Amino acid sequence: MAAPLTLLIIVAVTIRAVLFRSSLAELISERVEVVSPLNAWKRVVEGLALLDLGVSPYAGDVFHETPLIIYFFHFVIDYAEIVFMIADALTAVALYLAVKDYNKTVFRKQKYALEAERYPLDCVELIRTPKEMYYIPLKVAMFYLLNPFTILSCVAKSTCGLNNAVIALFILCTVKGSALMSAIFLALATYQSIYPLTLFAPALLFLLQRLYIPVNWQRSSFWLFTTQYAFMYLGSLCVMVCLSFFLLSSWDFLSSVYGFILSVPDLTPNIGLFWYFFAEMFEHFRLFFICVFQINVFFYTIPLSVKLKEHPVFLIFMQIAIISIFKSYPTVGDIALYMAFLPAWNHLYRFLRNIFLVSVVLLACSALFPVLWHLWIYAGSANSNFYYAITLLFNVAQILLVSDYFYAYLRREHHLTHGLYLKRKDGSEATLVLK
């Protein structure tokens, strides 16, 4: 499998290298769907210029990346294009290895369940075979590297690609069972954008499951490991924040980075839900609705963790998707990360209800984004309502996609427990309803 993956990476890097040298690179870097005020490359360059002049990059209202990012690019600015291509390749390899290891775990559990005769006899067709699982890791890497959203994000030199690499490494370390490295990469992801904080719960559940520690509030082993993992995570996060302070000799970055993410002061149009709503908002209602919108990302963590506590990897997928939809400054690069996981759930396709409709809507919206932007900004024959309408439809389609996979996953698990062909008490065929 190493040869196909290597060939895939070579093809992906070649595509990116060609686009970097084309006239499209500058156009792509200006697209509001691809870059945001948080991760735009022009803002990073501006921050580097201020740093070289001895001025704090957070003195103005231009740069909103973290201090470690700006100091990282301070040394590799001349090789920025190579850095972003390496980041994409690293993300793909990490996802490939993580899914490969996860599939081994799934197959092992399935084998034990079959030996123990836990599955009903009519569920044979739901059992996953090694043959159908063999190419899934390669498909996951392909879905990430050749996704147009990923390619556009890389060519625009959006720092979203670096965030995706960190999250992919966190997933790999978690699946491999390395609690320390998992906590460090999760802390780094949280340091970058706050929202990955919600990935703490699924990572903890997976590591507990791997160590055969039951999720029982009365067990001392549960609390001991939870405390250890939380200490490693918070300790790593504190080290990164303190290192940022020592680099800048100032706490200005806290309000410029995290305050900016949470308060959403820049209402530049993007593919998210915030900008239009708060552009029309009366100022005295702003704080209340900021809290309402921001809580969406964190609100679903507890109920989903309760429902999917036996399936933490699928929970990670759900949380990444929720972050991509509800964060304050989303870009297409965020969407590409969770979409890369779709081949890992190919066994759910038979239970999906709206996959064709959702796929068509997502493709149509992706094509209409630049059209409606041109009509609004350049032609003057449309207004912001047109662009926000397509943004709203795009996010509704994402929500339908994620909820459809959630339904399909739960339905398959129900069939594996109660049988594929459900019957009522009177012997008639029953219909499964998700409530």
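About the Cα centre of the range 68-218, how large is the charge dipole given +1 on each Lys and Arg Cβ and -1 on each Asp and Glu Cβ? Please answer in debye to the nearest 20.
340 debye
Can you work out ³J(HN,Hα) from phi for every residue in the range 51-57, in order, using Karplus 6.51 cos²θ - 1.76 cosθ + 1.60 and θ = phi - 60°, giving whole Hz and x for Gly and Pro?
5, 5, 7, x, 9, 4, x
If you roll a 1.4 angstrom probe over the protein chains with everything in place, what fraction of the accessible area of the range 270-360 belongs to carbon and sulfur, to the nearest %?
The nonpolar share, carbon plus sulfur, comes to 71 percent.
Got a number for carbon plus sulfur as a percent of the range 10-109's accessible area, 1.4 Å probe?
67 percent
Find, among the chymotrypsin sites (Phe, Trp or Tyr not before Pro) in the range 197-291, those assigned to loop by DSSP (not H, G, I, E, B) with at most 14 other beta-carbon atoms within 10 angstrom.
Y212, W217, W251, F282
Anyone know which of S193, S359, S236 comes out most mobile in the 10 Å Cα GNM of the chain?
Maximum among the listed residues: S359.
Picking from M133, Y112, Y102, whose Cα lies most toward the positive end of the charge dipole for the range 93-133 (charges on Cβ: Lys, Arg +1; Asp, Glu -1)?
Y102
Find the accessible area per residue for the chain; the probe is 1.4 Å, ligands and nucleic acids are left out, and the unit is Å².
Value for the chain: 48 Å² per residue.
Y349 to D122: extension gain in nm, 0.36 nm per residue of separation minus the Cα-Cα distance?
That pair, Y349 and D122, stretches by 79.9 nm at full extension.
Pairs of alpha-carbon atoms within less than 8 angstrom and 6+ residues apart define the contacts here; what relative contact order does the range 200-347 have, in percent?
Rounded, it is 28 percent for the range 200-347.
Over 32 Å between Cα atoms: which of K131/K327; K42/K307; K157/K309; K131/K157; K139/K309 fall into that group?
Checking Cα-Cα distances, K131/K327; K42/K307; K157/K309; K131/K157 exceed 32 Å.
Sequence gap at least 6, Cα distance under 8 Å: using those rules, report the relative contact order of the range 42-91 to the nearest whole percent.
That works out to 30 percent.
How much of the calculated P(r) for the chain lies past 44 Å, in percent of all Cα pairs?
Roughly 13 percent, once rounded to a whole number.
Which whole-number percent is the relative contact order of the chain (Cα, under 8 Å, 6+ apart)?
The normalised contact order for the chain reaches 20 percent.
Under a crude label model (7 Å from the Cα following the beta-carbon direction), how far is T268 from M281 in nanometres?
It is 1.9 nm.
Can you give the extra length, in nm with one decimal, that the chain gains between E46 and F246 once fully stretched, where that is 0.36 nm per residue apart less the Cα-Cα distance?
So the chain would gain 69.9 nm between E46 and F246.
Which is the longest run of the chain containing none of the GluC sites (Glu not before Pro) found in DSSP loop states (not H, G, I, E, B) with at most 15 other C-beta atoms within 10 Å?
118-279
Under a Cβ-only charge scheme (Lys and Arg +1, Asp and Glu -1), can you give me the dipole magnitude of the chain about the Cα centre, in debye to the nearest 20?
Computed charge dipole of the chain: roughly 1640 debye.
By how many nm would the segment from L375 to F72 grow when fully extended, if each residue of separation counts as 0.36 nm and the alpha-carbon distance is taken off?
105.2 nm
The values are calculated or read from the model by the stated rules, or taken from the named source; none is laboratory data. Computed from a predicted structure; not experimentally measured. Here the Cβ is made from the backbone with ideal geometry for all residues, glycine too, and neighbour counts use every protein chain on show. The area values use the complete protein model at the heavy-atom level, side chains included, leaving out ligands, DNA and RNA. Shrake-Rupley method; radii C 1.70, N 1.55, O 1.52, S 1.80 Å.
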